[in-house]
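What follows is a structure written as structure tokens; I'll ask about it next.
The values are calculated or read from the model by the stated rules, or taken from the named source; none is laboratory data. All figures in this text were calculated on a predicted structure; none of them were measured in a lab. Cβ: placed from backbone, ideal geometry, glycine included. Neighbour counts: every protein chain shown. For the accessible areas, the whole protein counts, side chains as well, though only heavy atoms, and no ligand, DNA or RNA atoms are used. Shrake-Rupley method; radii C 1.70, N 1.55, O 1.52, S 1.80 Å.
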Amino acid sequence: MSMQQYIEEAEKALLHTYNRYQVVLDRGDGVYLYDIDGKRYLDFCAGIAVFALGYNNKKYNDALKAQIDKLIHTSNYYYNVPAIEAAGKLKKVSGMDRVFFTNSGAEAVEGAIKAARKYAYLKDGATDHEIIAMEHSFHGRTMGALSVTGNPKYREAFEPGIGNIRFAEMNDFDSVMRQVTDKTCAILFETVQGEGGIYPAREEFLKRVRALCNERDILLILDEIQCGMGRSGFMYAWQKYGVKPDIMTTAKALGCGVPVGAFLMTEKVGTHSLVSGDHGSTYGGNPLAGAAVNAVFDLYEENHVLENVNRVGAYLEETLDALAQKYEFIVERRGLGLMQGLVFDRPVGGVITKALDRGLILINAGANIIRFVPPLVISRENVDEMVEILESCL
Ligand SMILES: *Cc1c(COP(=O)(O)O)cnc(C)c1O
């Protein structure tokens, strides 16, 4: 079948919830993807900040194949070695104490919300606790995660949500204070907002929210699903600020393509929230997912991924800053490490489509922002190659 025929088949069979780009991808190698006609694309999307290690990584593939031949799934009624090891590695890199594995980011957010509500419930037996989330945030598409997502367009048709959610402005501490009540059980935000337009939390904001949470025994939940796993230059972006959450979520690059997420908590929350019977998942943390997480952490170390993010991220920043200087229709560059946004004074959809045509995969974050979330193993040469194509499309 031709590419066009596949696309027509897709539009007959798949529910149309995405306006997909007109390309059928077939295979990947390093930082390049190939479509079914063999055309090559430099990938600055990485499956939306997922495939950090680059495609067709032999050690990663071999680790998965070995686990497939051994055991893919067993229920959470039993222990399995890959999940035990993966939890240990996750604890080590995050400094958190307790891990629950999920199958996606949204489910990690659901679990975080449940843990926070249970923590508050155990204190006063009440069932009307509130959560403060941020405008322009994105936490996923399930009902709980959607209810804390600060984009009314995503929520409206599906109201009512889970209720008792209040919204504040990211990086505006006074707006948070205006939403705090004696019912507040958690404050939730992305350490770097992704979908909402690549807005890093300011250090002062994070520190003041942390202090507020300490003072009132409110739980700080940081969503690191997109900005985590090294993308910011730190394994988790909050580590840059010396502020630790009570609960955090992680997913996307955690399994580098095998669907796995997690929510993690401190011992304090771990021993005063969810207990047996409160939460579960058939697949969550199965041996295949565990093997993927283990391989990812091992390869991060072996390939010095964080060092690469810091080195190439700085270069990407410089390069994008130069573009913002050069073109009057580019307003600014925002971001951390290899999670960057270039803000235009106009919609960027045309540029992204043109870039795809010229062999460069980019995505947006809001109508006016090009988002750069490449595999974390990209080189400076890849950045140069990207900019050359991008400039030809402006
Ligand atoms: C992608 C994302 C989610 C949702 O993850 P899914 O795996 O798509 O459910 C939640 N929070 C943030 C910050 C994300 O970027």
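Once a ≥ b ≥ c are taken as the square roots of the eigenvalues of the Cα gyration tensor of region 198-333, is the result rounded (a/c under 1.5), prolate (a/b larger than b/c) or oblate (a/b not larger than b/c)?
Judged from the Cα gyration tensor, region 198-333 comes out oblate (a/c at least 1.5, b/c at or above a/b).
Post the alpha-carbon centroid distance, region 271-285 to region 242-257, in whole angstrom.
Going from one Cα centre to the other spans 18 Å.
Can you give the helix-only mean residue ellipticity at 222 nm for the chain, where every DSSP H stretch with n ≥ 4 adds -39500 (n - 2.57) and the sum goes over all residues, rounded to the nearest 500 deg cm²/dmol?
-12000 deg cm²/dmol
Give me the percent of accessible area attributable to carbon and sulfur for region 275-394, probe 1.4 angstrom.
49
Going through the cross-link list 58/354; 92/183; 65/268; 114/252; 153/244, which pairs have a Cα-Cα distance over 27 Å in this structure?
Exceeds cut-off: 58/354; 92/183; 65/268; 153/244.
Follow-up question, since we're still on this one. Taking the highest mean first, how do the peptides 71-77, 232-238, 206-212 order by number of other beta carbon atoms within 10 angstrom per residue?
Descending packing order for the listed peptides: 232-238, 206-212, 71-77.
If you average the C-alpha positions of region 96-148 and of region 341-394 separately, how far apart do those two centres end up, in angstrom?
33
How large is the charge dipole for region 112-269, taken about the Cα centre, if only the Cβ atoms of Lys, Arg (+1) and Asp, Glu (-1) carry charge, to the nearest 20 debye?
I would put it at about 340 debye.
Please give the contour-minus-distance gain from residue 25 to residue 9: 0.36 nm per residue of separation, less the Cα-Cα distance, rounded to one decimal in nm.
Computed gain between residue 25 and residue 9 is 4.3 nm.
Which of the listed residues, 313, 276, 228, is farthest toward the dipole's positive end in the chain, when Lys, Arg count +1 and Asp, Glu count -1 at the beta-carbon?
276
Also: Using the Cα centre as the reference, give the magnitude of the dipole from point charges on the C-beta atoms of region 23-136 (Lys, Arg: +1; Asp, Glu: -1; all else neutral), rounded to the nearest 20 debye.
That gives region 23-136 a dipole magnitude of about 520 debye.
Which value, in debye to the nearest 20, gives the size of the charge dipole of the chain about its Cα centre, when Lys and Arg are +1 and Asp and Glu are -1 at the Cβ?
620
Counting only C-alpha contacts under 8 Å and six or more residues apart, can you give the relative contact order of the chain as a whole percent?
Across the chain, relative contact order equals 23 percent.
Another question about this same structure. If you take the charge dipole of the chain about its Cα centre, with +1 on Lys and Arg Cβ and -1 on Asp and Glu Cβ, which of 184, 356, 376 is farthest toward its positive end?
It is 184, whose Cα lies furthest towards the positive end.
What is the set of long-range amide H partners of residue 55 at a cut-off below 5 Å, with H atoms built 1.01 Å from backbone N?
The list, which skips near neighbours in sequence, is 29, 30, 31, 32.
If you don't mind, there's one more thing I want to ask. Can you tell me which of 24, 109, 50 moves the most in a GNM of the chain? Springs connect C-alpha atoms under 10 Å apart.
Looking only at 24, 109, 50, the largest GNM fluctuation is found for 24.
How tilted is helix 105-124 with respect to the longest principal axis of the chain? Cα atoms for both, answer in degrees (0 to 90, nearest 10).
10
What ranking do 143-155, 259-271, 332-344, 55-67 get when scored by the average of other Cβ atoms within 10 Å per residue, highest first?
332-344, 259-271, 143-155, 55-67
Rounded to whole Hz and in sequence order, give me ³J(HN,Hα) for region 258-273 from the Karplus expression 6.51 cos²θ - 1.76 cosθ + 1.60, θ = phi - 60°, writing x for Gly and Pro.
In residue order, the calculated couplings are 6, x, 7, x, 7, 10, 10, 9, 6, 4, 4, 6, x, 8, 10, 8 Hz.
Report, for the chain, the % of DSSP beta bridges that are antiparallel, rounded to 5.
In the chain, DSSP labels about 65 percent of beta bridges as antiparallel.
Please report the carbon-and-sulfur percent of the accessible area for region 96-231; probe 1.4 Å, protein heavy atoms only, DNA, RNA and ligands left out.
47
Let me ask another. Just want to confirm a number: the relative contact order over region 170-262, from Cα pairs under 8 angstrom separated by 6+ residues, in percent.
Rounded, it is 25 percent for region 170-262.
Taking every DSSP beta bridge with both residues inside region 133-288, roughly what % is antiparallel (nearest 5)?
40
Next up: Classify region 323-394 as rounded, prolate or oblate, taking a ≥ b ≥ c as the square roots of the eigenvalues of its Cα gyration tensor: rounded when a/c is under 1.5, otherwise prolate if a/b is larger than b/c and oblate if not.
Note, shape of region 323-394 comes out rounded.
Let me ask something else. So with the 1.4 Å probe, I'd like the accessible area per residue for the chain, rounded to whole Å².
It amounts to 45 Å² per residue over the chain.
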